[in-house]
Amino acid sequence: MNLLNETVKTLHTMLTEREISAVELCEEFLANIKELNPELNAILSVAGESALEAAENAQLCIEKGETTGLTGIPCVVTDNIMTKGLLTTCASKMLADFIPPYDAAVVELLKKDGAVLLGKSNVDEFGFGGTLRSGTAVSSLLAPFSLASDAGGAVRQSAAFHGLTGLRPTYGRVSRYGLAAFASSLDQICPIAKTAEDCAIILNSIAGKDSRDATNFKTASDEDFTAKIGAGVKGLKIAIPKEFFGENICEEKRTAILSAAKELEKQGAELIDTSMSITDYAVAVYYIISSAEASGNLSRYDGVNFGLRGEGNSYSEQIKDSRNRGFGNGVKRRIMFGNFVLSEENYEDYFMKAQALRQKIRAEYEEVFKTADLVLSPTVPDIHPPDSIIPQTSYAYTFTVSPALAGLPSVSTTCGFKMTGLPIGMSLTGKRFAEQTVLQAADCFERIFAEG
């Protein structure tokens, strides 16, 4: 048996039944990272010694019978999530030497539950363009799962491109404390794994109350996100908006996703045709709001409080040099556009209108959810991953942006493959706090797909 191929759930069973040790498992993944990562560049920092120490401690817990669903399970987190004593650069020159003095809330929770942090996965600078390398880390078997940030769909897109499952929880379900802020009203830390069941296990660990995050739910929850795993979809109502299956979807992808819907219908789900026209504005709304928030969040990186120390004969020259050398072109573009929409002459015409449209997008989802439990859509349109396209095109990810703007839970899972062999991702979006239902439906299809 190749341990690297196994799911979180299977590895947990093998660990608790003493078929393998946590140290052996950690060594397997560290060896694979050493062999493959030089070419993949999926991991920026490897925590070799501390990972092995964590594995030894996890094994002691296993031997005592004191385990959680993640005890002894290796993982990685993106390089914009704080890790005490471990380099956290946001893949930027601005923070090239930054070592945080504290752990992000999710890292604290992972460690509390006995997970073994292998290192930091690569990310576009400050998470602006996405977190595709987190999917690469999991699909290339460098880790059983990853945590990554998702503002407009990065986690779900990465899952779709790599044939994995990516879950964006309800906004506020997971603490953002210790995440390098990009767009504060959109950022959410999410799991990427091989199955919906694995995502549910991970969410059980990282969801919870945290007073350090003002956007986090303030009521404690003992909700078990694995409760509906294996329950099937009988009685669930799934809405299919016609706008999500228009000209930007090729027939091959449209057929695969609608065939997946028919499979769920055979399992007892009810399909509902619907319309969601306001989501046509989602990309523009996302770009305006996220850039405005990013311009404010990144103002702290001035070489004085944080970041690369600039050179010059005056304070203004030093800041200019710091930000000019410390930020890449994509980040500069976002800051400039954010300042433009927030300027006095443009604020009403751009930022305020975008906020109003965001409320309309939320209202449209609420209207659909009066008669449906889930909304089905493709995960990405028929364009190539952001690494190979011009920056402007990478924002045409309407299907993932809409749930993010509405703060809704959404999961992407594989529903087929193109003739080229590339995976096809479909997304299921649910009502606020309905992660159980979203994962239930994704799990049901994954079981059907695995048998097929």
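Which condition from (1) over 27 Å from SER275 (Cα atoms); (2) assigned to a helix (DSSP H, G or I); (3) at pLDDT 95 or above is the one that GLU345 breaks? Of the numbered conditions (1) over 27 Å from SER275 (Cα atoms); (2) assigned to a helix (DSSP H, G or I); (3) at pLDDT 95 or above, the odd one out for GLU345 is (2).
Taken together, the residues in the range 50-101 that are under 30 Å from THR16 (Cα atoms) and not small (Gly, Ala, Ser) amount to 26. Looking at (1) over 30 Å from SER92 (Cα atoms); (2) part of a loop (DSSP other than H, G, I, E, B); (3) in contact (Cβ under 8 Å) with a residue 40 or more places away in the chain, can you tell me which one ASN216 breaks? Evaluating ASN216 over (1) over 30 Å from SER92 (Cα atoms); (2) part of a loop (DSSP other than H, G, I, E, B); (3) in contact (Cβ under 8 Å) with a residue 40 or more places away in the chain leaves (1) as the failure. The set of residues in the range 1-34 being farther than 21 Å from GLU197 by Cβ and buried (at least 20 other Cβ atoms within 10 Å of the Cβ) consists of CYS26, LEU30, ILE33.
The set of residues in the range 333-353 being surrounded by 14 or more Cβ atoms within 10 Å (Cβ to Cβ) and closer than 21 Å to PHE126 by Cβ consists of ARG333, ARG334, ILE335, PHE337, GLY338, ASN339, PHE340, VAL341, LEU342, PHE351. When restricted to residues that are over 26 Å from PHE306 (Cα atoms) and of a type in the set (D, E, K, R), the range 96-141 contains 3. Considering the range 35-73, the residues that are without any contact (Cβ under 8 Å) to a residue 12 or more places away in the chain and either under 25 Å from the mean Cα position of the chain (by Cα) or farther than 21 Å from LEU11 by Cα (or both) include one that is surrounded by the most Cβ atoms within 10 Å (Cβ to Cβ), namely GLU35. Only residues that are among the small types (Gly, Ala, Ser), surrounded by fewer than 24 Cβ atoms within 10 Å (Cβ to Cβ) and in contact (Cβ under 8 Å) with a residue 60 or more places away in the chain were counted across the range 398-452, and they come to 3.
Read through the list (1) touching a residue at least 60 places away in the same chain (Cβ under 8 Å); (2) more than 21 Å from the chain's Cα centre (by Cα), then give the number of the only condition that THR16 fails. It is condition (1) that THR16 fails. The combined condition, being at pLDDT 95 or above and within 27 Å of GLU125 (Cβ to Cβ), is fulfilled by GLY407.
For the range 97-112, indicate whether the set of residues that are of a type in the set (D, E, K, R), at pLDDT below 95 and either surrounded by fewer than 24 Cβ atoms within 10 Å (Cβ to Cβ) or more than 19 Å from LEU147 (Cα to Cα) (or both) is non-empty. Within the range 97-112, one or more residues are of a type in the set (D, E, K, R), at pLDDT below 95 and either surrounded by fewer than 24 Cβ atoms within 10 Å (Cβ to Cβ) or more than 19 Å from LEU147 (Cα to Cα) (or both).
Among the residues here, ARG300 qualifies as touching a strand residue (DSSP E or B) at 6+ places or on another chain (Cβ under 7 Å) and surrounded by fewer than 18 Cβ atoms within 10 Å (Cβ to Cβ). Would you confirm whether or not the range 208-223 contains a residue that is aliphatic (A, V, I, L, M) and crowded, with 16+ Cβ neighbours inside 10 Å? Checked the range 208-223: no residue is aliphatic (A, V, I, L, M) and crowded, with 16+ Cβ neighbours inside 10 Å.
Scan the range 68-124 for residues that are of a type in the set (Asp, Glu) and in a helix (DSSP H, G or I) and the total you get is 1. If the condition is being part of a loop (DSSP other than H, G, I, E, B) and either aliphatic (A, V, I, L, M) or surrounded by 15 or more Cβ atoms within 10 Å (Cβ to Cβ) (or both), then the range 236-274 contributes LEU236, ASN248, ILE249, GLN267, ALA269.
The values are calculated or read from the model by the stated rules, or taken from the named source; none is laboratory data. Here the structure is a predicted model, which is why all the values come from computation and not from measurement. Reconstructed Cβ throughout: ideal geometry from the backbone, glycine too, with neighbour counts over all protein chains shown.
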